[in-house]
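The values are calculated or read from the model by the stated rules, or taken from the named source; none is laboratory data. In this text the structure is predicted, and so the values were computed from the model without any measurement. No Cβ is skipped: glycine too gets one built from the backbone with ideal geometry, and neighbour counts run over all protein chains shown. Side chains are part of the model used for accessible areas, which takes the heavy atoms of the whole protein and leaves out ligands, DNA and RNA. Shrake-Rupley method; radii C 1.70, N 1.55, O 1.52, S 1.80 Å.
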Amino acid sequence: MTISEDEHGFTVEKSEKEIPLSSIHGEGVKIKVYEITNKQVGGADAKSHIVGRFVSKDGFESSENIPMFVKQAKVNEEYFGGEKEGMSAAERYFERWKFLRDLGVPVVPNVVVLDGGRVAMTNLGINGSEFFGKAWRHGPKANRNSGRRELSKAEQAVLSISDKKVMSEMARIRDILVKEKIRLPYDDPFDFLVHPDGSFEILVHDPEALEWGEYDNSKKDKEDPLLLEPIHLRLLKEELEDLSL
């Protein structure tokens, strides 16, 4: 098991070689941890990246290593889907994730509750795929002063992504949210996942700050973060072109 030197403020301890799941996923189910990497990759919340395998109550272990990240579960005071008073933050986070998934809003494919305060989810930023949302825009890779460098395959792929396709997907997501009267957080509504082959996904990565309400169409640029994505994509492309060798 590997772990970085910086162990403060993370969600999985080196000693946690097995992490039981909440009983809502079945009695006795757990994650066997094979690797922990504690490093901040964006955002203020504590999180840990792990590689593990699910183990059934009978001791049957899944055959593949699964990259996941474990984060502190937080939710605001609003209630969505199956959330109920008295539920833990992690249980409410799980119910909120299911609520969005069932509406057709793109979210990470799997979320599991570890305990009252932690959830684990599939780590999609692997095999050369990269996120280009808020964390990238404010992270070290986006520093223009770092000098030119060779772009990764995912970064190269961004330059060829059709603005029209991004706008079409954003319009689809927005239509769902407007119909259901749901607002995403203004500062970090979604994440932009790009794969090395040029395909992309727009995901609501953290549903913790959902709100009930309607967007004010008279102030689109200030009230509706979804309509800003084409602007963000253009800025991202300009940034990458400036970084490229």
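Examine region 67-75 for a residue that is touching a strand residue (DSSP E or B) at 6+ places or on another chain (Cβ under 9 Å) and without any contact (Cβ under 8 Å) to a residue 40 or more places away in the chain, and state whether such a residue exists.
no
Can you confirm whether ILE161 is surrounded by fewer than 19 Cβ atoms within 10 Å (Cβ to Cβ) and in a helix (DSSP H, G or I)?
No.
Within the set of pairs 6 or more residues apart or between chains, which connect a residue that is without any contact (Cβ under 8 Å) to a residue 60 or more places away in the chain inside region 169-181 to a residue that is open to solvent by 60 Å² or more (accessible area, probe 1.4 Å) with Cβ atoms less than 7 Å apart?
If the second residue must be open to solvent by 60 Å² or more (accessible area, probe 1.4 Å), the pairs left are LYS181/TRP212; LYS181/GLU214.
Give all pairs with beta carbons closer than 6 Å in which a residue from region 125-151 that is within 30 Å of VAL70 (Cβ to Cβ) and part of a loop (DSSP other than H, G, I, E, B) meets a residue that is modelled with pLDDT under 80 and not hydrophobic (A, V, I, L, M, F, W, C); count only pairs at least 6 apart in sequence or on separate chains.
Partner pairs satisfying both residue conditions: GLY139/GLY42.
Applying the selection to region 164-182, what residues are more than 17 Å from the chain's Cα centre (by Cα) and either crowded, with 20+ Cβ neighbours inside 10 Å or charged (D, E, K, R) (or both)?
Of everything in region 164-182, those that are more than 17 Å from the chain's Cα centre (by Cα) and either crowded, with 20+ Cβ neighbours inside 10 Å or charged (D, E, K, R) (or both) turn out to be LYS164, LYS165, GLU169, ARG172, ARG174, ASP175, LEU177, LYS179, GLU180, LYS181, ILE182.
On the given criteria, is SER88 more than 19 Å from the chain's Cα centre (by Cα), hydroxyl-bearing (Ser, Thr, Tyr) and farther than 20 Å from LEU184 by Cβ?
yes
Filtering region 192-216 down to residues that are assigned to a strand (DSSP E or B) and open to solvent by 20 Å² or more (accessible area, probe 1.4 Å), which residue is farthest from PHE131 (Cα to Cα)?
Selected residue: TRP212.
Please give the strands (runs of 3 or more DSSP E) falling wholly within region 47-119 in which 1 or more residues are open to solvent by less than 40 Å² (accessible area, probe 1.4 Å) and in contact with a Leu (Cβ under 9 Å, 6 or more places away or on another chain).
Correct list: 66-72, 111-113.
I need a count of the residues in region 204-219 that are within 17 Å of ASP175 (Cα to Cα), at pLDDT 80 or above and not aliphatic (A, V, I, L, M).
The number of residues fulfilling the criteria is 4.
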